[in-house]
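Enquirer: This structure is in C-alpha cells; I'll ask about it shortly.
The values are calculated or read from the model by the stated rules, or taken from the named source; none is laboratory data. Keep in mind the model is a prediction, meaning the values are calculated, not measured. For neighbour counting, all protein chains shown are included, and Cβ atoms are generated from backbone atoms with ideal geometry for every residue, glycine included. For accessibility, only protein heavy atoms count, side chains too; no ligands or nucleic acids. Shrake-Rupley method; radii C 1.70, N 1.55, O 1.52, S 1.80 Å.
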Amino acid sequence: MVKSSLPKEKTITGGKSTRIVGTTLTKVGTAKQVIGHLSGVYLKKDGCIEVAGKGTPIIYVNDKLLRDPQELERLKSEDVQKIEVLTSPGAKYDANTSSVIRIFTLKNKEDGWTLDVMSKDGYAERTDMSQQINWGYKHNKLETMASIRYDLVHKLSDSSYDIATHVDSLWQQQATTHDYGKNHTLSGNLAFNYNFSLSTSIGAQYDISLQPTAKTHSHNLTEVFANQEYYDSWNTSEDVDSHRQQTHTLNAFLNSTLGKWTFSLNGCFLSSTNKPQSSISEQSERYQDYTAATHERTNNRLWAFKYLMSRNIGMGELSLGAEYTSTRRHTTFSGYAGVLEGTNDKIHDYNLAGFADWQMKLSEHTKWGIGLRYEHVIYDFFEDQIKSDLESKVYNNIFPTLSFSSAIGQVNYGFDYHVRTIRPAYEMLKSAVNYGNRLTYMSGTPSLQPTYIHELGVNAAYKVLNIQMGFNHYKDDIFFNIEQLAGNEKVSVNKFTNHPSRNEMTAAISYAPTFGFWHPMLAANMNYQWLEVEHLGEAKNMDGISAILQWENSFRLPSQWLIRLDGLFMSAGKRQNMSTKSSGAVNMSIYKEWMNGKLSCLLEATDLFHIQKEVFTLYFSKTKEYSSSSSNTCGVSLTLRYSLNGKSTKYKGTGAGEEELRRL
C-alpha cells in the first residue's frame, strides 16, 4: 500500500538525518535514487553522487563501508529506514573524508528465505539494461545473503572546445568530439553474520566485479590556427579497451561487549588489476600522419584494519580507536612510439592513525562533542624501481573536531569546526604522459601535495525548514591546470597542481511542507568563493557565486499510484579556476504496486527536455579553454521488481580503509 508522507529531516551532530520509512521516497526504486532526492545531495549526469559543497561522500550501509557503487542499486528504496548526511564527520573518520552518507535499513527479525528479482530496461539513444537477483536466509543466530547483477550501459556524448594558448604565437584549437562507450559489468557478493549472543557477532563478505567489455570510441576533428592564420587540421580517432580484470574484496568484522566497553574490529583486503589498451590514428591535412598503440597495466593491493572501542562515561560517550592502511600500486605504461616515453611507477602508501572522540549530553537537547585524530603517513614513490626522494614524503598531522547542538523552543541549532585534508587520487600522481593531439598532452603530477581545509559551520532547523551556513579555508587546493611543455611551449600539458589558498562561503536552505496528496520539497545550495588566479601575466578575479536549486514534487494517488515531477537548476557561477554556465533537468516517474507490494513497476523519464549540459571556461597561466558538452541524459526506463518475503538482510561490518579505496 502506498501510504506515505514527506521525508522528515532533523539536525544531528555533524549533519542531518532524514527518515525514509513511511514516506514517498520508499517508492522511488533503489537506495541510490533515494539519495538523489535528499536536499543538498545530487546525482551527477555520470551517475556519481555529490554532496553540495563537499564533493563525493563515502557511504555506509548499516555501518558497513560501501565499496561497490552497484550496492546502492541492489538495495531497494523500501528497505531504507533512514539516511544521515554528515557534512562535518567526526574524528573516527579518515581526515580525507569530506562528507559521509550513512544508510540504515529495516531490521529482519523473522527466520526464513528472502528473494528479490529486479529487471530494468531503458533507452537513451541506445538500449541499456540491468538484471539483479538478491537472496538471503536467516535461521536463529545465522544470517546469509548473496546477490548477482548484470549491467549494460551505453555512454554517448558530443563536445566542442575552443583553446587559446598565448606563447611565441597565439595558438588556437577549435575542436568537436563524439564519444561512444559500451560497458558490460558483472558483480556479485556472498556474506554472512553470526550472532553468538546479543553482544557478540562476527561476519564476512566477499565481493567480486569484472567488466568483460568496456570500450570507448572517440572521433575528434580539430582545426588549428597560429596568429589567427590557418595552420593545419587533424582528424583523430581513438579506440580504448579499458579491460578490467576481476576486482576482489574481502571484509570481515568482530563486534563484542566486555563490561561497559563495546568493541569493533574490521578488516579489508582488496586486489585488482586494470589493463587498458588504446590505438590512435591522427590524420593531418598538411603534415605527416601519426598512429600509435599503447598498453598499460595497474595492479592494486590494499590491506586495512580499524579498531574502535567505546563506553558511556558520566553524561557522555567516549570513543577510542586506531586505523591502519597499506596500499601498493604498480603501473607500467608503454608510452607513444616516437613521441612520449613509457613509464614504470610504484607507489607505497602507509597510514597509521589514532583517534579519540567525546560526546557529552548536557540535557535532552544540548550536546557537546570534541574529537582529535592523529595521522602518520609514509608516501614512497618509485620510478623505474628507484625511490624518488623529491616525490616521497612523510606527513604527521593532527585533525581536531568540535561540535555543539541545542534547542530554543522548537528551533534546533548548532555549530561545528573541524580540520580535514584531501589527498590526491592515485591517478593524479602517476608520471605517465598521455597523448591528446600534437598540441595537447595529459600528465600526472607525482609531487602533488594534499589539500588542508579548515571548516566552520552553523545550522538551524524549525519544523520543515532547515538552514545551514559555513566558511571553508583551503590550503594547497588541488586545481586542474595547463602548463607548457619545456622546450616546446606551444604544447600544452594538462595536469593537476596545487594553488596556495582559496576561501569559500556556503549556504543551504530546504523547505518541505505537506498539502494533502501533494508533497513538495524546495532546496537551495549556494557557494561563494574568493580567488585570484594568474592569467596572461595578470591577476584574474574569480570571485563569484554558484547555486543549485531543487524543486521536487510527489503526488500520492488512490489505488497505490505515486507520481513524481522533479526539477533541478544549476546557475552560472565560479568554482576554482572555472566559470560555468547554467544548466538543469526535469525528471518524472510513475510508480504502481500490486499484491501488497510484492510486485511493483516504476516508469521513469530523465532530463525530459534534454537541457542538462556542461558548459564552462577554464583560465590558466597562458591558456584559456572553453568547453561545451552534452550526453545521453534524456531517456526512459521501466523497472519491474518481485519480492518474496521482502525482509532486509545486510552484512553488519563497518569496514576499514574507506578513503584508500576511493583513491584507488
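Enquirer: Checking the condition touching a Pro at 6+ places or on another chain (Cβ under 9 Å) and farther than 28 Å from Ser237 by Cα, which residue from Leu186, Leu190 passes? Steps first, answer last, please.
Expert: Details: Leu190 fails: touching a Pro at 6+ places or on another chain (Cβ under 9 Å).
Residue meeting the stated conditions: Leu186.
Enquirer: Can you say whether Leu86 is over 16 Å from the mean Cα position of the chain (by Cα), hydrophobic (A, V, I, L, M, F, W, C) and open to solvent by less than 20 Å² (accessible area, probe 1.4 Å), as far as the supplied structure shows? Write out each step before concluding.
Expert: On the way: over 16 Å from the mean Cα position of the chain (by Cα): no; hydrophobic (A, V, I, L, M, F, W, C): yes; open to solvent by less than 20 Å² (accessible area, probe 1.4 Å): yes.
Considered against the rule, which asks whether it is over 16 Å from the mean Cα position of the chain (by Cα), hydrophobic (A, V, I, L, M, F, W, C) and open to solvent by less than 20 Å² (accessible area, probe 1.4 Å), Leu86 comes out as no.
Enquirer: Could you list, in sequence order, all residues of the stretch 274-308 that are among the polar types (S, T, N, Q) and surrounded by 15 or more Cβ atoms within 10 Å (Cβ to Cβ)? It would help to see each step written out before you state the result.
Expert: Step one: filter the stretch 274-308 for residues among the polar types (S, T, N, Q), giving 274, 277-279, 281, 283-284, 288, 291, 294, 298-300.
Correct list: Asn274, Gln277, Ser278, Ser284, Thr294, Thr298, Asn299, Asn300.
Enquirer: Within the stretch 10-22, can one find any residue that is more than 26 Å from Ala460 (Cβ to Cβ) and among the small types (Gly, Ala, Ser)?
Expert: First, the residues of the stretch 10-22 that are more than 26 Å from Ala460 (Cβ to Cβ): none.
Among the residues of the stretch 10-22, not one is more than 26 Å from Ala460 (Cβ to Cβ) and among the small types (Gly, Ala, Ser), which makes the answer no.
Enquirer: Which members of the stretch 616-643 meet the condition of being open to solvent by 30 Å² or more (accessible area, probe 1.4 Å) and not polar (S, T, N, Q)?
Expert: Hits for the stretch 616-643 are Phe616, Tyr619, Lys622, Lys624, Tyr626, Cys634, Val636, Leu638, Leu640, Tyr642.
Enquirer: Among Leu308, Leu302, which is the only one that is within 13 Å of Phe263 (Cα to Cα) and out of contact with any Pro (no Cβ under 8 Å at 6 or more places or on another chain)? If you could, list the steps in order and put the result at the bottom.
Expert: Values: Leu302 fails: within 13 Å of Phe263 (Cα to Cα).
The conditions single out Leu308.
Enquirer: Identify all residues within the stretch 172-196 that are more than 30 Å from Thr222 (Cβ to Cβ), in contact with a Phe, Trp or Tyr (Cβ under 7 Å, 6 or more places away or on another chain) and either of a type in the set (Gly, Ala, Ser) or surrounded by fewer than 16 Cβ atoms within 10 Å (Cβ to Cβ) (or both); write none if there are none.
Expert: Leu186, Leu190, Ala191
Enquirer: If you don't mind, another one. Within the stretch 540-555, which residues are in contact with a Lys or Arg (Cβ under 8 Å, 6 or more places away or on another chain) and in a strand (DSSP E or B)?
Expert: Across the stretch 540-555, the qualifying residues are Gly544, Ile545, Ser546, Glu552, Asn553, Ser554, Phe555.
Enquirer: Report yes if some residue within the stretch 589-603 is part of a loop (DSSP other than H, G, I, E, B), open to solvent by 40 Å² or more (accessible area, probe 1.4 Å) and within 24 Å of Tyr642 (Cβ to Cβ); otherwise report no. Reasoning before the result, please.
Expert: Of the stretch 589-603, the ones part of a loop (DSSP other than H, G, I, E, B) are 598.
Now drop any that are not open to solvent by 40 Å² or more (accessible area, probe 1.4 Å), which leaves 598.
Checking which are within 24 Å of Tyr642 (Cβ to Cβ) leaves us with 598.
Looking for residues that are part of a loop (DSSP other than H, G, I, E, B), open to solvent by 40 Å² or more (accessible area, probe 1.4 Å) and within 24 Å of Tyr642 (Cβ to Cβ), one finds at least one in the stretch 589-603, hence yes.
Enquirer: Same structure again: Identify the residue in the stretch 214-232 that is touching a residue at least 40 places away in the same chain (Cβ under 8 Å) and exposed (fewer than 15 other Cβ atoms within 10 Å of the Cβ) and, among all such residues, is nearest to the chain's Cα centre (by Cα).
Expert: Per the stated criteria, the residue is His219.
Enquirer: Let me ask something else. Return the total of residues in the stretch 419-438 being within 19 Å of Leu390 (Cα to Cα), basic (Lys, Arg) and at pLDDT 90 or above.
Expert: Total satisfying the criteria: 1.
Enquirer: Within the set of pairs 6 or more residues apart or between chains, which connect a residue that is under 26 Å from Asn553 (Cβ atoms) inside the stretch 575-588 to a residue that is open to solvent by 70 Å² or more (accessible area, probe 1.4 Å) and in a strand (DSSP E or B) with Cβ atoms less than 6 Å apart?
Expert: Partner pairs satisfying both residue conditions: Ser583/Lys613; Gly584/Phe569; Met588/Leu565.
Enquirer: Hey, among the residues in the stretch 322-358 that are at pLDDT below 95 and small (Gly, Ala, Ser), which one's nearest to Asp384 (Cα to Cα)?
Expert: The residue in question is Gly342.
Enquirer: Return the total of residues in the stretch 508-539 being in a strand (DSSP E or B), open to solvent by 30 Å² or more (accessible area, probe 1.4 Å) and either more than 25 Å from Ser447 (Cβ to Cβ) or at pLDDT below 95 (or both). Explain how you work it out, then say what you get.
Expert: The initial filter retains those residues of the stretch 508-539 that are in a strand (DSSP E or B), namely 508-511, 515, 518-530, 532-535, 538-539.
Restricting the remaining residues to those that are open to solvent by 30 Å² or more (accessible area, probe 1.4 Å) gives 509, 511, 515, 518, 522, 526, 528, 530, 532, 534, 538-539.
Filter once more, keeping what is either more than 25 Å from Ser447 (Cβ to Cβ) or at pLDDT below 95 (or both): 509, 511, 515, 518, 522, 526, 528, 530, 538.
Total satisfying the criteria: 9.
Enquirer: Could you please give the count of residues in the stretch 592-630 that are closer than 21 Å to Glu73 by Cβ and either at pLDDT 95 or above or not small (Gly, Ala, Ser) (or both)? If you could, list the steps in order and put the result at the bottom.
Expert: Pass one, the stretch 592-630, residues closer than 21 Å to Glu73 by Cβ: 592-593, 597-607, 612.
After this cut, where a residue has to be either at pLDDT 95 or above or not small (Gly, Ala, Ser) (or both) as well, the list is 592-593, 598-599, 601-607, 612.
Residues that pass the stated criteria total 12.
Enquirer: Answer yes or no: is there a residue in the stretch 389-399 that is at pLDDT 90 or above, more than 30 Å from Thr331 (Cα to Cα) and not small (Gly, Ala, Ser).
Expert: Yes, because at least one residue in the stretch 389-399 is at pLDDT 90 or above, more than 30 Å from Thr331 (Cα to Cα) and not small (Gly, Ala, Ser).
Enquirer: Have a look at Lys260, Lys275 and point out the one that is more than 29 Å from the chain's Cα centre (by Cα) and not polar (S, T, N, Q). Explain how you work it out, then say what you get.
Expert: Numbers: Lys275 fails: more than 29 Å from the chain's Cα centre (by Cα).
Answer to the selection: Lys260.
Enquirer: Okay, moving on. Is it the case that the stretch 207-225 has a residue that's under 28 Å from Lys138 (Cα atoms) and not small (Gly, Ala, Ser)?
Expert: Applying the first criterion (under 28 Å from Lys138 (Cα atoms)) to the stretch 207-225 yields 207-209.
After this cut, where a residue has to be not small (Gly, Ala, Ser) as well, the list is 207-208.
Checked against the condition, which is being under 28 Å from Lys138 (Cα atoms) and not small (Gly, Ala, Ser), the stretch 207-225 yields at least one hit.
Enquirer: Could I ask something else about it? Working only within the stretch 540-556, note down all residues that are crowded, with 19+ Cβ neighbours inside 10 Å and in contact with a Gly (Cβ under 7 Å, 6 or more places away or on another chain).
Expert: Listed by number, the list holds a single entry, Ser546.
Enquirer: Further, regarding this structure: Out of all the residues in the stretch 334-358, which are within 31 Å of the chain's Cα centre (by Cα) and either outside any strand (DSSP E or B) or more than 30 Å from Gly316 (Cβ to Cβ) (or both)? Spell out how you get there, then give the answer.
Expert: Going through the stretch 334-358, the residues within 31 Å of the chain's Cα centre (by Cα) turn out to be 334-335, 342-358.
Correct list: Ser334, Gly335, Gly342, Thr343, Asn344, Asp345, Lys346, Ile347, His348, Asp349, Tyr350.
Enquirer: Which ones in the stretch 89-115 are open to solvent by 10 Å² or more (accessible area, probe 1.4 Å) and either in a strand (DSSP E or B) or among the basic types (Lys, Arg) (or both)?
Expert: Lys92, Arg102, Phe104, Lys107, Lys109, Gly112, Trp113, Thr114, Leu115
Enquirer: Could you give every pair whose Cβ atoms fall below 6 Å, whose first residue belongs to the stretch 334-355 and is more than 20 Å from Leu429 (Cβ to Cβ), and whose second residue is of a type in the set (A, V, I, L, M, F, W, C), counting only separations of at least 6 or pairs across chains?
Expert: As it stands, the answer is Tyr336/Ala292; Ala337/Ala292; Gly354/Ala322; Phe355/Ala91, since those pairs meet every condition given.
Enquirer: Something else about it: In the stretch 1-51, what residues are of a type in the set (Gly, Ala, Ser), open to solvent by 20 Å² or more (accessible area, probe 1.4 Å) and at pLDDT below 75?
Expert: Ser5, Gly47, listed by residue number.
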